Amino acid sequence: MPYYLYIIQSQTDESYYIGTSRDLTERIERHNQGRSKYTKPKRPWNLVYIEEHPDRSSAMKREYANKRRKSKDYLAKLIEKFSSG
């Protein structure tokens, strides 16, 4: 079963959150229900980016690589590319 790297964006302050999950629907629901400590105060969240990976390890490596960049511009370009094609 695949794992997903996802990026969600806060409707409150337009910040991004990057995570991984096997079940995206359930995970986004948890964020929007306030069941995640970091994302709770910035609800509601929109899913803006998805990458499918064959396993948890590769999804997490990609998550950490994106988090290390800490660049809102990089994430915006990644999301734009995803949205347009």
Inter-residue pairs, beta-carbon under 7 Å, first within 14 Å of I50 (Cβ to Cβ) and in region 72-84, second of a type in the set (A, V, I, L, M), 6+ apart: L75/I7; I79/I7; I79/V48
Cβ pairs under 7 Å, 6+ apart, first in region 21-35 and of a type outside the set (D, E, K, R), second in a loop (DSSP other than H, G, I, E, B): H31/T39; N32/R43; N32/P44; G34/R43
Members of region 51-66 found to be without any contact (Cβ under 8 Å) to a residue 24 or more places away in the chain and not hydroxyl-bearing (S, T, Y), listed by number: K61, A65
Region 18-27, residues that are farther than 17 Å from H53 by Cβ and buried (at least 17 other Cβ atoms within 10 Å of the Cβ): none
Which listed residue is among the charged types (D, E, K, R), assigned to a helix (DSSP H, G or I) and either modelled with pLDDT of 95 or more or surrounded by fewer than 16 Cβ atoms within 10 Å (Cβ to Cβ) (or both), from E63, E52: E63
Subset of region 45-79 that is more than 14 Å from the chain's Cα centre (by Cα) and of a type in the set (D, E) - its residue that is farthest from I8 (Cα to Cα): D55
K40 out of contact with any Leu (no Cβ under 9 Å at 6 or more places or on another chain), surrounded by 12 or more Cβ atoms within 10 Å (Cβ to Cβ) and under 14 Å from I8 (Cα atoms): yes
Search result, residues across region 14-48 that are part of a loop (DSSP other than H, G, I, E, B), at pLDDT 95 or above and under 22 Å from R68 (Cβ atoms): T39
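The values are calculated or read from the model by the stated rules, or taken from the named source; none is laboratory data. No experiment lies behind these values; they were computed from the predicted model shown. A quick note on method: Cβ atoms are made from the backbone with ideal geometry, for glycine too, and the neighbour counts reach across all protein chains shown.
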